[in-house]
Amino acid sequence: MLSFKFRKALNAVYLSHIDILKTINKTLRRTHIPIDYSRGFNPHMLINMSQPLSLGIESLAEWATVQTSYDDPQGFLELYNNCCPQGLEASQCHITQTKPNIAGKVIASDYFIKNDKAVEIKEILENINKKPFFMEVKSKSGVYEKDVSPLIYRIKADADGIYLLSAFGNTNLRCDRFTEKLNQAFNLDIKLRDVTRLNQYVDQNGELKEVGEYIKGLL
Amino acid sequence: MRVEKPARYTGGEYNTPDMDKEHKLSFCLCFADVYEVAMSNLGIAILYDILNKDKDIVCQRCFAPWPDMGELLKEHNIPLMSIEKRKPLKDFDMIGFSLQYEMAYTNMLYMLDLAHIPFRAKDRSDDYPILIAGGPCTANPEPFADFFDIVYIGEGEEVNSKLCKLYLECGKDKRSFLREAAKIDGVYVPLLAETKNGITVTKVKKAVIKDLNKAPYPTKPLIPNLEIVHDRAVLELFRGCYAGCRFCQACFFYRPIRYRDKETLVDYAKKLLHNTGHEEIGLSSLSTGDYEDIYGVIADIKCLADSKNVNLQMPSLRLDSFSAKLMKGARKSSLTFAPEAGTQRLRNVINKNITDEDINKSMEIAFETGYSNIKLYFMLGLPTETDEDILGIAEIANRINEIYYRKRRNRALSINLSTAMFVPKPLTPFQWVEQISIDEMLRKQILLRNELKRIKGVKYNWHTAEVSKLEGVFARGGRELSYVIENAYNNGCRFDGWDEHFNYDLWLKAFESTGLDMESYSRQRDLEERLPWDFIDFGVKKSYLIKEYKKAMQGLTTPSCKNECQMCGVSSLGKCRRHKGEGNA
Ligand code: SF4
Ligand code: SF4
């Protein structure tokens, strides 16, 4: 198994999840490393990707895992980065024996939200999850107001902006909607392009572990 | 996000050439439809590749922004810009539009409008870029000629570099550049052309690439980051077509018939698979099954593709060149056939040399190979067509059904039957014939629809009659139609090729306010009449087209020129590749 961490930056922030998947797929084909394909008439690449990120948000920490016999992490980074379009460059690569199942295990993600006004309401922001915080969420059954405070794990503000650690994975705080709500509630002017995902975390014995560290533990 | 699919405008595709290189000429390649359509066009990929390979040129792209983006640009008064470097269109030296279908004409104006560029060549000073049109619509460039400084007739690959060189020599003096440009084969300068009674008379000769093997080919094409219409690597086998179906403009427009050798094709396929990462590779040409060694090409490319887990998309083949050999090992999706007409009589008239027996046999093979999904294409409103011919279409569908259910099958048969409306096109033996009225089109569609309702498993799709009508008008009209296009655009017409945007009433209004009678363009033309595109020498002789027209009216067919030259006259522009005997045609 080969897992790699890549960014979604520059023009690529506007690519939908499915387009990212296809683009990464083509990039991997261009590396010409021996990747495994499903059998049958319509073989497809055996690849797993991080859960979708909202369109327009930059990320420094997306993950993909492919099934391959190729086992040179450094060689992979070179090959991949030579073959990928602008904005999707890889920064880490790990080879493991077992499937890390990143998408299934991730429970949190942290973000930096650039904003110079946030510091003025530092107190309020940093205590936002101490009491119910309602936000509009969309589900199959329609749109409703939901208390999202349990999904906000930590929030800090300083002169540069906001640092948010929140639920991501099967339960998810959509960062685009959350920033929209902050704008409404506190009269901020956060733009989507000011939001950057920094890392994704899995739950390991009740503690958050950054995905790269978690995979290294599987080696 | 205020616009849908922002990736349409952001660029950053893999294989993007160096956009920062020192250059003397900046070119913006435009396409009057959205990104997904534009990026599926091989002509665009070819020109982009050639221009950027030139050490003196940087070529960028600009495609029609979807209305949401267009409105945003207008609202903020931002001029339309190129994808690669966000450079306003009006700051380029040259702008080239590839015009693929008549219904894109308003979109071309939409782009000029957003780019803050005056529509008409005569209204643009030397400060504006040189505007060039190319593409299949140049078979009759008159309806849009007044908007352009130059119209390329024929293969852009040939003309482009000559024009760019000349431009560099002439500096910014537009007049002297245009005067010199007009001397190049394939270059039509509407402003300088002589006209008689409103019809252009200055002769222009179609530009033709002599040797396709030596012509550049984009083996490192841009790889879009979002899904486009044809998301695959494309290999062009040959240009032109031997068949000579009498309604088919592409057949005559792209003659002479020129091949890429198998070795060249295999070499390109290797490079494409290496450089693109596409999951699929397709073979493209007008009638791929006619390629001399098509089995050999398919076998070699299939082998290459399999080794890379790439799917070879089987070309849609003519019924008579259909063979079980080609279908073996292909992905069993659906199979496409285009008999075009329902009876043998009418197929003779249009010179579609397919017999009922061919259809039956091909279907038997197809069903034996495991297909249960058939796509059939026909045309309605063909010259001499009677109701009997239309009922014949239903009969074919019926017979296919009957053949399928002769045996017990696991799956139900599904037939997708589509009809297009016949549009008389310039440079075809049918360029003189009448186009039927919209009422008659609708009557024919309903007749067929009612007939098909009785047949199990048939799904019927038809083209909008009004669109076909307008296509016919713009295919054969003259320069005066530019006022209708402009008027229609000003009324709000754009994206006319998209059902959800097409608005026929706005077009009717445009004709009304310009005082032109739409119906007059649909009439039968006299064989002696001077036609708006007669000033172009396409190689194929008018006398040949007249001969073909007369044969059509007598129900006589002309064999494919694959084995024997039928003397269409195009050899004056270049030699054709024929299977037997290489003599001069
Ligand atoms: S086979 Fe007929 S319809 Fe097809 S490209 Fe050739 S001439 Fe045109
Ligand atoms: S010159 Fe002869 S071989 Fe060539 S396209 Fe015309 S008829 Fe066919």
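Assorted remarks:
- Computed 3J(HN,Hα) for the range A:98-105, one whole-Hz value per residue from the Karplus formula 6.51 cos²θ - 1.76 cosθ + 1.60 where θ = phi - 60°, is 9, 6, x, 6, 4, 4, x, 9, glycine and proline marked x.
- Averaged over A:22-31, number of beta-carbon atoms from partner chains that fall within 10 Å: 5
- Interchain or long-range residues, amide H under 5 Å from B:Asn416's placed H: B:Ile374, B:Lys375, B:Leu376, B:Lys459
- Centroid-to-centroid, using Cα positions, the range B:52-117 and the range A:48-64 are 32 Å apart.
- Net +/- balance of residues flanking B:Asn107 in space, Cβ distance below 12 Å, scoring K and R +1, D and E -1: -3
- Overall form of the range B:186-226 per C-alpha gyration tensor (a/c, 1.5; a/b vs b/c): oblate
- Candidates A:Gln67, A:Gln92, A:Gln204: whichever shows maximal mean-square fluctuation once chain A is modelled as a Gaussian network with Cα springs under 10 Å: A:Gln204
- Taking the three principal axes of the alpha carbon atoms in chain B, the coordinate ranges are 70, 58, 58 Å, sorted in descending order.
- Formal net charge of residues neighbouring B:Glu388 (Cβ-Cβ distance under 11 Å; K, R +1; D, E -1): -3
- Shown here for the range A:107-183: trypsin sites (Lys or Arg not before Pro) in loop regions (DSSP other than H, G, I, E, B) with at most 10 other Cβ atoms within 10 Å, namely A:Lys140.
- For the residues of B:217-227, the average number of beta carbons from a partner chain within 10 Å of their own beta carbon is 4.
- Rg ratio for the range B:17-78: its Cα radius of gyration over 2.2 N^0.38 Å, N being its residue count, equals 1.29.
- Considering only A:Asn183, A:Asn42, A:Asn127, the mean-square fluctuation computed in a Gaussian network model of chain A, springs between alpha carbons under 10 angstrom, is largest for A:Asn42.
- Shape call, the range B:88-173: gyration tensor on alpha carbons, a/c limit 1.5: oblate
- Annotation: lysines with alpha-carbon distance below 17 angstrom to A:Lys216 (same-chain offsets under eight excluded): A:Lys5, A:Lys99, A:Lys105.
- For the range A:106-206, the spread of Cα positions along each principal axis, largest first, Å: 34, 33, 27
- Taking trypsin sites (Lys or Arg not before Pro) across the range B:8-66, the ones in a DSSP loop with at most 16 further Cβ atoms lying within 10 angstrom of their Cβ are B:Lys21, B:Lys24, B:Lys55.
- Inter-chain Cβ neighbour count for B:382-394, averaged per residue, equals 0 (cutoff 10 Å, partner chain atoms only).
- Counting only lysines at least 8 places from B:Lys459 when in the same chain, those with an alpha carbon closer than 17 Å to its own are B:Lys375, B:Lys444.
Read the figures in this text as sums done on the coordinates, not as results from a lab. As the structure is a computational prediction, the values presented were derived from the model and not from experiment. Note that we place each Cβ from the backbone using ideal geometry, even for glycine, and neighbour counts take in every protein chain shown.
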